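The values are calculated or read from the model by the stated rules, or taken from the named source; none is laboratory data. None of the values given here were measured: they were computed from a predicted structure. A quick note on method: Cβ atoms are made from the backbone with ideal geometry, for glycine too, and the neighbour counts reach across all protein chains shown. For accessibility, only protein heavy atoms count, side chains too; no ligands or nucleic acids. Shrake-Rupley method; radii C 1.70, N 1.55, O 1.52, S 1.80 Å.
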Amino acid sequence: MRCKGLTGLLAAFILIMSTSCAAGTDSAGDDAGSEKYQKQVYAMDTVMILTAYGENAENALEAAEETILSLEADLDPEAEGSSVYMLNQNAGTAVAVPEDCFNIMSTTLDVFRETGGALDPGLYPIIKAWGFISGDYRVPSQTELDSLLAQMDTASILLDEESMTVTLPAGTEVSFGAAAKGYTAQRVLDIMAEAGVESAIVSLGGNVQTLGDTKPDGSQWTVAVIDPNDTGSYVGLLYTGQAAVVTSGGYQRYFEEDGVTYIHILDPETGYPVDNDLLSITVVTDDGTRADALSTALFVLGSEEALAYAESHEDVELVIITKDDHVIVTAGLADSFSEAGEGYTYEYLE
């Protein structure tokens, strides 16, 4: 059996592209307002790189690290005593949760509903069955998958904002792996903004989010879109202002058994790894949590439905890479995307 996880590599590579290719700020070191501060944090099985500029940046980074570690502990369904662990252990009863847990559950369920269940936090027991939590990879039997699928009832999860409680139906277990890094990135930048930082970029393993429409030198941020066929390279560069840029793809984590590749993104209808026309999908929008959740949901749906979703949501833009080496860029990114890959056909939608 062969397995692969590229989370740390992706974080490091995106960091290189988004800071060295885009930053250009170290030359402005004499100006205190543009001094760069950087912190590396390992959390959520990811190398996270936080970069902020200005006189308040250093203290903001310290506060950001504390928040990351706190969220990691509280959103981990395997950590005894965490909010998600308590939800799963007390399915069938209302459980009071912290604001962060409530908020990520709310956004996740919003995306669950608007994508017809393509993103399903209730997949957690099936994700465990495949070994994507423990690392002990295996192919579950159809009988096992059918039994686990029958217990899922995400549509019946109840949220009470007044009491800040979440009620899972009996037999349902959840995780927020498809949105946790996006939520964390959003919280980190919110903390930086509250501290007075006006320019920052964070890279959290496939999740890149920026604060400020430009870097201190007035130029736009640059974010690389990884080449799923050659993860040491990239298919293009996105030049963006303040935005969340999140990529999902089967190449990020998978295992091989008997010559068959099984990726970590599962289809909620079948319980099996997604097998459609996509290699990866990159979502660009203004909210990190939603971008992260949507990147998984739209990957599950495939290119046709993903593009239909983007067309009906003006605040969502996409870069899609298909298995036939086609790169599709939606209209809102046409002027801010620069081609860099070899062997790809590029299409820009109008």
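How would you rank 241-249, 58-66, highest first, on the average number of other Cβ atoms within 10 Å across their residues?
Numbers: 241-249: 23.6, 58-66: 18.2.
The most tightly packed comes first, giving 241-249, 58-66.
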Q. Just one of (i) 32, 25, 18; (ii) 29, 24, 21; (iii) 49, 21, 17 is semi-axes √(5λ) of the Cα gyration tensor in Å as worked out from the coordinates here. Which one is it?
A. (i)
Q: Take the alpha carbon atoms of the stretch 53-128, find their center, do the same for the stretch 195-241, and report the distance between the two centers in whole angstrom.
A: 24
Q) Highest mean first, what order results for 69-82, 99-112, 271-284, 118-131 on Cβ atoms within 10 Å? A) 118-131, 271-284, 99-112, 69-82
Q) Can you pull the percent of the stretch 180-249's accessible area that's carbon plus sulfur, 1.4 Å probe, other chains left in place? A) 38
Q) Antiparallel DSSP bridges in the chain: what percent, to the nearest 5? A) 95
Q. Hey, any idea what % of the stretch 76-166's accessible area is carbon plus sulfur with a 1.4 Å probe?
A. 44
Q.
Counting only helical runs of four or more DSSP H residues, what would the 222 nm mean residue ellipticity of the chain come to if each run contributes -39,500 (n - 2.57) and the total is spread over all its residues?
A. -9500 deg cm²/dmol
Q: Roll a 1.4 Å probe over the protein chains and send me the accessible area per residue for the chain in Å².
A: 42
Q: Could you work out the local net charge near A155, counting Lys and Arg as +1, Asp and Glu as -1, over the other residues with Cβ closer than 14 Å to its Cβ?
A: -4
